[in-house]
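The values are calculated or read from the model by the stated rules, or taken from the named source; none is laboratory data. No experiment lies behind these values; they were computed from the predicted model shown. Cβ atoms come from the backbone with ideal geometry, glycine included; neighbour counts cover every protein chain shown. Just the protein is used for accessible areas: all its heavy atoms, side chains included, with ligands, DNA and RNA removed. Shrake-Rupley method; radii C 1.70, N 1.55, O 1.52, S 1.80 Å.
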Amino acid sequence: MTSFERLNAYARQKLGQLEATGQRRSLVETAREAGGRAARSGQGVISFCDNDYLSLSHDARVIQAAAEAARLYGAGSGGSRLITGNHPLNAALESRLARLKGTEGALVFGSGFLANLGTIPALVGKGDTIVMDELAHACMHGGAKLSGAELRLFRHNDVADAARQIEGAPGQVLALTETVFSMDGDVAPIAELGALAEATGAWLMTDDAHGLGTVKTDNPAQVQMGTLSKAVGGYGGYVCGPAALIDLLTNRARTFVYTTGLPPAVLAAAVAALDVMEAEPWRGAKASRHAALFCELAGLPAPSSVIVPIILGPEAEALRVSAALLERGYLVTAIRPPTVPAGTARLRVTFAAGHEEADVRAFAGALTDIREKACAVTS
Ligand SMILES: Cc1ncc(COP(=O)(O)O)c(C=O)c1O
């Protein structure tokens with residue numbers, strides 16, 4: 001066998017394993033449109049699974065800002081910000097973010113994933129300890145692993161368990177959590193974790209990827225990470241915090257230093273989107289109302305955010321309900337392990353300002369119908 005054949009055989013064997021456990025994924029051509037709509041392999045659908053919570057990705061003002069910046073400054077940034085030069089739109093976006101979060105400074109990264117991957121190892125290393133919520137996002141796990149610090153997981157949202165993990169932990173402790181959990185939509189006890197950090201000398205770092213623009217929290221964390229790819233409707237990540245921290249990350253976060261700056265159009269879109277977000281708080285409120293209405297109609301507990309998990313258990317069941325919804329024109333992709341813990345495959349339903357109340361009502365009706373029909377067949 002040649003090396004080429006051995007690689008192919010390896011890939012096919014791994015894919016076969018994923019297929020057997022219902023975990024194989026594939027890309028489906030989908031062109032997103034305004035109002036939560038999309039064309040999926042040519043079929044018109046309403047998406048209830050994207051993270052564009054304020055529907056800013058299709059806002060005319062945001063698109064105009066991006067187009068204008070591309071026209072004026074070109075399509076790409078040309079290199080890393082420390083080498084090629086720091087386009088003024090970076091500073092404009094960073095001061096905008098710092099103002100929004102009430103911090104001394106902010107640093108923009110290529111993505112939220114890169115922000116976590118670079119920031120965590122810049123703060124702690126071998127001999128230190130990371131105490132992290134067990135459901136924290138894959139990129140926090142990635143950053144923790146890269147850092148070389150000892151990793152201690154605490155039970156989801158359990159502050160007492162976090163305190164137990166901090167007790168006797170070697171070196172500097174960095175506590176990590178999401179503010180709003182991406183797959184469950186629940187909110188972390190940030191104030192309590194902040195008090196715990198203060199009492200124990202730990203630093204608290206939060207990932208606000210799914211909170212910004214939709215769930216308001218007074219955040220005591222010293223390190224506040226987030227993304228521009230969800231409610232902001234564009235792309236990129238950021239860390240907000242004290243000026244010295246920002247300076248340190250500019251020097252030490254490898255995913256900042258050794259990578260290309262964001263294109264000017266992406267930066268300009270984010271600045272414009274943050275302006276709209278602040279000027280139009282109705283957007284977040286509308287998405288939240290949709291989530292509450294949906295839960296009421298579907299007989300689910302009131303939501304804490306615009307993310308509503310419907311946990312179905314086996315992968316096959318999540319795939320079946322997702323496919324049945326798609327047949328009726330609703331896009332809600334099944335979320336399966338390893339993205340979520342084994343046995344908790346689910347529909348992760350999300351709501352956006354661009355949805356209308358009639359969309360939400362019709363979607364809730366379709367979902368109830370599909371699930372009732374399945375119960376009738378199995379009983
Ligand atoms: C909690 C959380 N953090 C970070 C990220 C990564 O952000 P980005 O998509 O900007 O890389 C995501 C994206 O899915 C996320 O859900």
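With the structure loaded, tell me whether GLN165 is more than 16 Å from the ligand (Cβ to nearest atom), buried (at least 17 other Cβ atoms within 10 Å of the Cβ), over 28 Å from LEU300 (Cβ atoms) and in contact (Cβ under 8 Å) with a residue 12 or more places away in the chain or whether it fails that test.
yes
Would you please name the residue that is nearest to the ligand (Cβ to nearest atom), looking only at residues in segment 75-117 that are more than 21 Å from the chain's Cα centre (by Cα) and among the hydrophobic types (A, V, I, L, M, F, W, C)?
Checking each candidate, the answer is LEU89.
Looking for whichever is buried (at least 21 other Cβ atoms within 10 Å of the Cβ) and either closer than 30 Å to PRO88 by Cβ or modelled with pLDDT of 95 or more (or both) here; the options are ALA272, ALA285. Which one fits?
The match here is ALA272.
Given the options ALA69, ALA75, name the one that is open to solvent by less than 30 Å² (accessible area, probe 1.4 Å) and not polar (S, T, N, Q).
ALA69
Output the residue which, of all residues in segment 192-243 that are more than 16 Å from the ligand (Cβ to nearest atom) and in a loop (DSSP other than H, G, I, E, B), is nearest to the chain's Cα centre (by Cα).
Out of the qualifying residues, it is LYS216.
I'd like the full set of residues that are part of a loop (DSSP other than H, G, I, E, B) and among the acidic types (Asp, Glu), limited to segment 330-379.
GLU356
Output the residue which, of all residues in segment 90-129 that are of a type outside the set (Lys, Arg) and free of Cβ contacts under 8 Å to residues at least 40 places away in the same chain, is farthest from ASP208 (Cα to Cα).
So, considering only residues that are of a type outside the set (Lys, Arg) and free of Cβ contacts under 8 Å to residues at least 40 places away in the same chain, the one farthest from ASP208 (Cα to Cα) is GLY125.
May I ask you to list pairs of residues, at least six apart or on different chains, whose Cβ atoms are under 8 Å apart, with the first in segment 1-15 being without any contact (Cβ under 8 Å) to a residue 24 or more places away in the chain and the second being assigned to a helix (DSSP H, G or I) and surrounded by 10 or more Cβ atoms within 10 Å (Cβ to Cβ)?
From segment 1-15, the pairs are MET1/ALA9.
Kindly establish whether ALA316 is over 20 Å from GLY36 (Cα atoms), open to solvent by 40 Å² or more (accessible area, probe 1.4 Å) and not in a helix (DSSP H, G or I).
no
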